[in-house]
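Accompanying notes for the structure given below.
The values are calculated or read from the model by the stated rules, or taken from the named source; none is laboratory data. As the structure is a prediction and not an experimental result, all values here were calculated from the model. A quick note on method: Cβ atoms are made from the backbone with ideal geometry, for glycine too, and the neighbour counts reach across all protein chains shown. What goes into the accessible areas is simple: the full protein's heavy atoms, side chains included, and nothing from ligands, DNA or RNA. Shrake-Rupley method; radii C 1.70, N 1.55, O 1.52, S 1.80 Å.
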Amino acid sequence: QATRYEPSSWRMSDVPKSVQEAVLVQSSEMPADAVSVRGYDFNQGVDYAALLASYARVGYQATNFGLAVEEIRRMINWRLSDVPVAEDEDEDLKSPEARAKVKCTIFLGYTSNLISSGIRESIRFLVQHKMVDCIVTTAGGIEEDLIKCLAPTYVGDFALPGQQLRQRGMNRIGNLLVPNANYCKFEDWVMPILDAMLHEQQAEGKTWTPSTVIDRLGKEIGNEDSVLYWAHKNGIPVFCPALTDGSLGDMIYFHTFKNPGLVIDIVQDIRRINTMAVRARQTGVIVLGGGVIKHHICNANLMRNGANFAVFVNTGQEFDGSDAGARPDEAVSWGKIRMDAKPVKVYADATIVFPLLVAETFAKVPRP
């Protein structure tokens, strides 16, 4: 026979008061502008623009992505005309028309692995259309761009055994493969250029810096697939404080045996990038990855008491004190990001996130 249960006569007053106070803490009212969590509804069909727009309300790194979109839009849209005319303003910058032409100076930094990957094409798009004003990268970010104009990089697998790859003359970058033959082609291409640079130094008194070396290489490659080609064509400086830390450094080393004497001056470049930051009316920082590229850009902005806008994309964590892992708030403490800025860090693989950021920001800017 089934047991019949009577309706419960349970009351909250039956629960000890100390338990009520511990568990049922009274909520305060949410602010009127509080955003509720809600994801994309695929019953609406597949609308990629709406899907990306929905990320801001999803939570976690999707929300950070949405905040990064807003921050990049702010740096793109800023104009000097947005701020009142100062009493000591230059005469040629007092008219609304002149002020509307002064934009935020955008610094873009990325590590070499991103040029090895297909993110190169997203970066090339920005440089081709003059959407950034200054680039900082590593030696690999220089040479891999050039090498890809000479021979392709291939998709491989993270699990390919290193010993077997070494025996086959294949170099692995994550799950990408670069044949040794590519670097041989690079050597054949770059050595005559180094010879010419040395001749100009000796015969004409030419002073080379990392950024002028890179500009020359971009000119010589003459390939529209190249980031450096467009940087040269559009007059966008590319800085590489660790220029010798890669295959290009190997080639410079080999060159010292064949034709010694080439000098590359890093002092002029630190003055050049710092001066760019100091003279900018507003600055925005977009950094993909960490290490030297992140610090070099942030430190240049220290010279102007910090960047006005900043977006970091990397997977670094701050528990070990690394520069890559540092949140933007640490840069605020150093004066590298302004105290009133709204910087964003997206903890994610840039190969997934950056094309989407470009799609939601720069790619929507009208182009001539």
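Structure data summary
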| quantity | calculated |
| --- | --- |
| Verdict on F158 being within 14 Å of the chain's Cα centre (by Cα) and of a type in the set (F, W, Y) | no |
| First in segment 253-268 and more than 24 Å from V238 (Cα to Cα), second anywhere and among the aliphatic types (A, V, I, L, M), Cβ under 7 Å, 6 or more apart | N259/L198 |
| Meets criteria (out of contact with any Gly (no Cβ under 8 Å at 6 or more places or on another chain), open to solvent by 50 Å² or more (accessible area, probe 1.4 Å) and without any contact (Cβ under 8 Å) to a residue 60 or more places away in the chain) for S27 | yes |
| Enumeration of residues in segment 195-219 that are open to solvent by less than 50 Å² (accessible area, probe 1.4 Å) and more than 29 Å from the chain's Cα centre (by Cα) | D195, A196, M197, L198, E200, Q201 |
| Exclusive hit being loosely packed, with under 14 Cβ neighbours inside 10 Å and touching a residue at least 40 places away in the same chain (Cβ under 8 Å), set G162, G174, G141 | G174 |
| Residue among I252, I193, I266, I270 that is in contact with a Pro (Cβ under 8 Å, 6 or more places away or on another chain) and farther than 28 Å from A350 by Cα | I266 |
| Near pairs, Cβ below 7 angstrom, 6+ apart or cross-chain, from segment 39-63 (on the phi > 0 side of the Ramachandran plot) to any residue that is part of a loop (DSSP other than H, G, I, E, B) | G59/V37 |
| Selection within segment 127-137 - closer than 24 Å to T275 by Cβ and either open to solvent by 40 Å² or more (accessible area, probe 1.4 Å) or in contact with a Phe, Trp or Tyr (Cβ under 6 Å, 6 or more places away or on another chain) (or both) | V127, K130, M131, D133, C134, V136, T137 |
| Answer residue from segment 323-342, given it is assigned to a loop (DSSP other than H, G, I, E, B) and open to solvent by 40 Å² or more (accessible area, probe 1.4 Å) and is nearest to Q61 (Cα to Cα) among those | R327 |
| Pairs where the first residue, in segment 86-98, is free of Cβ contacts under 8 Å to residues at least 60 places away in the same chain and the second is part of a helix (DSSP H, G or I) and open to solvent by 80 Å² or more (accessible area, probe 1.4 Å), C-beta under 7 Å, 6+ apart | A98/D92 |
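Conditions (1) assigned to a loop (DSSP other than H, G, I, E, B); (2) of a type in the set (D, E, K, R), marked per residue:
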{"site": "L67", "(1), (2)": "no, no"}
{"site": "R74", "(1), (2)": "no, yes"}
{"site": "L108", "(1), (2)": "no, no"}
{"site": "R124", "(1), (2)": "no, yes"}
{"site": "L146", "(1), (2)": "no, no"}
{"site": "F158", "(1), (2)": "yes, no"}
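Residue-by-condition table, conditions (1) open to solvent by 30 Å² or more (accessible area, probe 1.4 Å); (2) in a helix (DSSP H, G or I); (3) acidic (D, E):
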site: D245; (1), (2), (3): yes, no, yes
site: M251; (1), (2), (3): no, yes, no
site: H255; (1), (2), (3): no, yes, no
site: P260; (1), (2), (3): yes, no, no
site: D269; (1), (2), (3): no, yes, yes
site: V278; (1), (2), (3): yes, yes, no
